[in-house]
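**Student:** After the structure tokens below, expect a handful of questions from me.
The values are calculated or read from the model by the stated rules, or taken from the named source; none is laboratory data. Keep in mind it's a predicted model, so treat the numbers as computed, not measured. Cβ sites come from the backbone with ideal geometry, for glycine too, and all protein chains shown count toward neighbours. Accessible surface is based on the protein model in full, side chains and every heavy atom, while ligands, DNA and RNA are left aside. Shrake-Rupley method; radii C 1.70, N 1.55, O 1.52, S 1.80 Å.
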Amino acid sequence: MNRFLFAILLSSITVLAYAQLDDKIQLANEYYVQGETEKALSIFSNLSKNKKAIPGIHTNYFNLLMNRSEFDEAKKYLERAIKYYPNLYQYKVDLIFLHTTIDEPSEAKSVFNALRKQLASNQYQLNFIAQSFVTKELFDYAIDFLQLARQLNARPGAYALDLATVYRLMGDKQSMVNEYLYYALANPGNLNYIKNIFQNLFPEEEDLVFLEQTLIKRIQKEPEQKVYSELLIWIELQRKNFYAAFLQARALDKRSGRPGDESMEIGQLAMDNASWDDAITIFDYVVNEYGRRSPNYGRARQQLIASKEGLVKSQFPIDERAIRTLTSEYQNLYRELGPNVITLEAMRNKALLHAFHLNERDAAVNILNDLLRIPRVSPYLVSKCKLDLGDIYLLENEPWEASLLYSQVEKENDDSPVGYEAKLRNAKLNYYIGAFSLALSHLDILKQATTREISNDAISLSLLIKNNTILDTSDFIMKEYASIELLIFQNKYDSALLQLGQLIETNPTHSIVDECLWLTSTIYRSQGQFEQSIDALDQILNNYSYDILADDAAFRRAEMTERSLGLAEEAKRLYRQFLTDYPGSMYAAEARKRFRELRGDEL
């Protein structure tokens, strides 16, 4: 036989041998996975003496020996595997795990020290093997390797996320937080990532207190580190404690030499969350601290007036004199700064006050039309003014004129937030007049809207219609309810109350009754009749505690008890009860904050 034929024959034999070996490895692993451990063990035991088979059987064979407490056999196997493959470090990790399991700490430490010496100059291998230690819950060894890898890397924040994970698994909260802070300091651009981690890891107030105390200690030692202040601001925002967040933002503005930028952001968040007193304090500070030379001056002035407006509207009954004062403030801002993006928006706000709170609709229409005639006014403001004019038509009970304007804005702003807003108004208009199918067709599109507020409004209205028409094929009761909502929009409260009472009386078992009681409470509150308003809320809580409006009713009852009736102790009890009954409510953070304020906590 010549050499060429011999080589081919030898190659074929080798390939066949490898194929047979692979078949045996696969069969053994399948037996293991299927729970036929005796069959698996028999094949594994034979294969373990074959150097080429070890990488394919190692994990399952080692786990099987450990599960069966066959520690002597496991040790012999690992020593053989390490002899065959001295640079496959996983086998040494498993040997350390074995020694630890059978309480041989000195032997485990000896293997670990040898492995550490072997990898002492390779940070990447150290990190890789550290992850293997973590999977075996050998956390101290993992920390040792990661800290050595950090020394080799020479960056303080190196491997911080890996170390934080290990400390979290160990339950070492302080060390975990320290590592996340090292990462944040080294990567300030990824601070939002750390905030998201803290939000998931620290859902309870006691966790936030712990984190807060850690940050305060850090700031005392390293006041120049902006990251700590930003995280403290974030903590207070989680609590919706906007004033405390502002104090940190104010200090941050001064250290960075900025004219109130951070403070403006906190003020806007306070406004978005209807924390009007805090918003007023913050914007007033920016106006007076930095003055007209600040680029934030105009916006701060406008937002200050808008915050006052929010406060006036939150106090019932609404004070007409306060509304007139606000219209004067908006007008003065326009006179002071002249026409610009900010002051034109202020004049639009003024128009809405005339239309909805002073019953001066002609004045409102004149202001809005004047804004539309200004050259080069922004398309966005044009669209908002048209929507406002549509609302005024609806106030005047001219729905078709309103719909024309809504549709015009919708067409001009396809697939944009203001376009979605126009579509939502058209949906509500169709709802008011009882055209539910048309309203639902609009709402189905709006459920996917880009803005969460519009999407949530669309979902809520869609559910209201569907839930209250499913058993009423005539839609008569739902049409009555929708017409009442239109009366409320038009500020015709007496008529709305009368019709609500009749609807509840004639349909006491209908699913719409709790919604009727909610509207009844809302109207009475707007008129300053707080006892009647609370009575309607009590009916919801007593008879519809299982329904979607229950937490709304419970929170509003506590809020009115505190702010409208001035009964601090009773309000404190109600907030405490609310937190017990509705811990997952969207109002929980605000309820907790108000309870703590009433209890006298220093926030």
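**Student:** Considering each residue of the range 31-72, count those that are exposed (fewer than 14 other Cβ atoms within 10 Å of the Cβ) and more than 19 Å from Leu88 (Cα to Cα), and give that number.
**Tutor:** Total satisfying the criteria: 11.
**Student:** Which residue pairs have Cβ atoms closer than 6 Å, lie 6 or more positions apart in sequence or on different chains, and pair a first residue in the range 567-578 that is touching a residue at least 60 places away in the same chain (Cβ under 8 Å) and within 12 Å of Arg596 (Cα to Cα) with a second residue that is of a type in the set (D, E, K, R) and not in a helix (DSSP H, G or I)?
**Tutor:** Between residues of the range 567-578 that are touching a residue at least 60 places away in the same chain (Cβ under 8 Å) and within 12 Å of Arg596 (Cα to Cα) and residues that are of a type in the set (D, E, K, R) and not in a helix (DSSP H, G or I), there is no close pair.
**Student:** Kindly indicate which of Thr450, Thr469 is polar (S, T, N, Q) and surrounded by fewer than 19 Cβ atoms within 10 Å (Cβ to Cβ).
**Tutor:** Thr450 is the lone residue from the list that is polar (S, T, N, Q) and surrounded by fewer than 19 Cβ atoms within 10 Å (Cβ to Cβ).
**Student:** Which of (1) charged (D, E, K, R); (2) part of a helix (DSSP H, G or I); (3) open to solvent by less than 60 Å² (accessible area, probe 1.4 Å) is the odd one out, the single condition Arg576 does not satisfy?
**Tutor:** Result: Arg576 fails condition (3) only.
**Student:** For residues that are hydroxyl-bearing (Ser, Thr, Tyr) and at pLDDT 95 or above, tally how many sit in the range 291-306.
**Tutor:** Number of matching residues: 1.
**Student:** From the set of residues in the range 73-100 that are open to solvent by less than 20 Å² (accessible area, probe 1.4 Å) and of a type in the set (A, V, I, L, M), which is nearest to Leu148 (Cα to Cα)?
**Tutor:** This residue is Val93.
**Student:** In the list Glu531, Glu515, Glu505, which residue meets the criterion of being over 18 Å from Tyr432 (Cβ atoms), touching a helix residue (DSSP H, G or I) at 6+ places or on another chain (Cβ under 9 Å) and of a type in the set (D, E, K, R)?
**Tutor:** So the residue among Glu531, Glu515, Glu505 that is over 18 Å from Tyr432 (Cβ atoms), touching a helix residue (DSSP H, G or I) at 6+ places or on another chain (Cβ under 9 Å) and of a type in the set (D, E, K, R) is Glu531.
**Student:** Which members of the range 317-335 meet the condition of being hydroxyl-bearing (Ser, Thr, Tyr) and under 15 Å from Ser307 (Cβ atoms)?
**Tutor:** Thr325, Tyr330
**Student:** Tell me yes or no: at least one residue of the range 279-300 is small (Gly, Ala, Ser), closer than 30 Å to Ser564 by Cα and touching a Leu at 6+ places or on another chain (Cβ under 9 Å).
**Tutor:** yes
**Student:** Please work out which residue is nearest to Asp547 (Cα to Cα), limiting yourself to the range 442-462 and to residues that are part of a helix (DSSP H, G or I) and hydroxyl-bearing (Ser, Thr, Tyr).
**Tutor:** Checked the range 442-462; the qualifying residue nearest to Asp547 (Cα to Cα) is Ser460.
**Student:** Scan the range 342-361 and give yes if some residue there is of a type outside the set (A, V, I, L, M), on the phi > 0 side of the Ramachandran plot and in contact (Cβ under 8 Å) with a residue 24 or more places away in the chain, otherwise no.
**Tutor:** yes
**Student:** Quick check on Glu480: is it under 35 Å from the mean Cα position of the chain (by Cα) and over 20 Å from Ala355 (Cα atoms)?
**Tutor:** The answer is no for Glu480.
**Student:** Being surrounded by 15 or more Cβ atoms within 10 Å (Cβ to Cβ) and in contact (Cβ under 8 Å) with a residue 40 or more places away in the chain is true for just one of Ser585, Ser511. Which residue is that?
**Tutor:** None of the other options fit; the residue is Ser511.
**Student:** Another question, then. Identify all residues within the range 241-258 that are buried (at least 18 other Cβ atoms within 10 Å of the Cβ) and part of a loop (DSSP other than H, G, I, E, B); write none if there are none.
**Tutor:** The answer is Asn241, and nothing else.
**Student:** Please indicate, with yes or no, whether at least one residue in the range 353-375 is outside any helix (DSSP H, G or I), in contact with a Ser or Thr (Cβ under 8 Å, 6 or more places away or on another chain) and either among the small types (Gly, Ala, Ser) or open to solvent by less than 40 Å² (accessible area, probe 1.4 Å) (or both).
**Tutor:** The answer is yes, given that some residue of the range 353-375 is outside any helix (DSSP H, G or I), in contact with a Ser or Thr (Cβ under 8 Å, 6 or more places away or on another chain) and either among the small types (Gly, Ala, Ser) or open to solvent by less than 40 Å² (accessible area, probe 1.4 Å) (or both).
**Student:** Give the residues of the range 472-482 that are open to solvent by 40 Å² or more (accessible area, probe 1.4 Å), in a helix (DSSP H, G or I) and not acidic (Asp, Glu), sorted by residue number.
**Tutor:** Phe476, Lys479
**Student:** Against the condition open to solvent by 50 Å² or more (accessible area, probe 1.4 Å) and either modelled with pLDDT of 95 or more or not in a helix (DSSP H, G or I) (or both), how does Asp103 come out, does it pass?
**Tutor:** yes
**Student:** Still on this structure, I have one more. Against the definition (modelled with pLDDT under 95, in contact with a helix residue (DSSP H, G or I) (Cβ under 7 Å, 6 or more places away or on another chain), in a helix (DSSP H, G or I) and within 21 Å of Ala184 (Cβ to Cβ)), how does Leu231 come out, yes or no?
**Tutor:** no
**Student:** Now for a separate question. If I go through the range 544-569 residue by residue, how many of them are in a helix (DSSP H, G or I), open to solvent by 60 Å² or more (accessible area, probe 1.4 Å) and either modelled with pLDDT under 95 or closer than 22 Å to Pro317 by Cβ (or both)?
**Tutor:** 1
**Student:** Quick test of your reading of the structure: Leu381 fulfils all but one of (1) open to solvent by 30 Å² or more (accessible area, probe 1.4 Å); (2) touching a helix residue (DSSP H, G or I) at 6+ places or on another chain (Cβ under 9 Å); (3) closer than 23 Å to Arg301 by Cβ. Name the failing condition by number.
**Tutor:** (1)
**Student:** Quick check on my filter: what residues within the range 143-176 are touching an Asp or Glu at 6+ places or on another chain (Cβ under 7 Å) and either of a type in the set (Ser, Thr, Tyr) or over 15 Å from Ile194 (Cα atoms) (or both)?
**Tutor:** Leu146, Tyr167
**Student:** Continuing with the same structure: Quick check: anything in the range 389-411 outside any loop (DSSP other than H, G, I, E, B), of a type outside the set (Asp, Glu), closer than 26 Å to Gln268 by Cα and under 36 Å from the mean Cα position of the chain (by Cα)?
**Tutor:** No; the residues of the range 389-411 include none that is outside any loop (DSSP other than H, G, I, E, B), of a type outside the set (Asp, Glu), closer than 26 Å to Gln268 by Cα and under 36 Å from the mean Cα position of the chain (by Cα).
**Student:** Which residues, counting only those in the range 284-324, are part of a loop (DSSP other than H, G, I, E, B) and either closer than 14 Å to Gly267 by Cβ or of a type in the set (D, E, K, R) (or both)?
**Tutor:** Across the range 284-324, the qualifying residues are Arg292, Arg293, Ser294, Asn296, Asp319.
**Student:** Kindly provide the set of residues from the range 201-214 that are open to solvent by less than 20 Å² (accessible area, probe 1.4 Å) and outside any helix (DSSP H, G or I), ordered by number.
**Tutor:** The answer is Phe202, and nothing else.
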